[in-house]
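Read through the structure below, which is laid out as structure tokens, and then see the notes.
Please treat every number below as a calculation from the coordinates, not as lab data. Remember, it's a predicted structure, so these values are computed and weren't measured experimentally. We place every Cβ from the backbone using ideal geometry, glycine too, and count neighbours over all the protein chains shown.
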């Protein structure tokens, strides 16, 4: 199951609300942080999708995979695809996100799940909104890449 979802936070202030964080037209950069625990089955597709997004966006950016103490080849796969890998030994999603945020060089942070296949339009829209200085947090709708079974549908409805 793949989800198209992302969340945003301003790296410098950590704020999730407010205005005038960045003046319009400033040269903002961004970091895409991907917390990952035993994601070797899906991390290649996620990274390739994110790299495609980077190619479509005219802003500078980076991808950081945070290995959250995986016992599989998640880190090796990510490194092989040319992205920065950070290690967080404690299995907690918040700690993994924070470890990535500490290493990030971008002005804006995008947190993307390791089983996500994002599309460039999401990032382009989010960046354009962030650059207005009036938006500093956001999300995206979820679309599954295959039909859910009856049991799963009953849990989420």
* Structure fact -> Most packed first (mean Cβ within 10 Å per residue), the peptides 109-119, 45-55, 79-89 order as 109-119, 45-55, 79-89
* Asked: For labels at residue 121 and residue 45 in the simple 7 Å Cα→Cβ model, what's the distance in nm?
  -> 2.0
* To do: Describe numerically, in nm with one decimal, the distance between label points set 7 Å from Cα along Cα→Cβ at residue 147 and at residue 102.
  => 4.7
* How much FRET efficiency would the formula 1/(1 + (r/R0)^6) give for residue 129 and residue 95, where r is the Cβ-Cβ distance and R0 is 35 Å, rounded to 0.05? -> 0.80
* Asked: Cα centroids of segment 50-64 and segment 88-116: how far apart, whole angstrom?
  -> 16
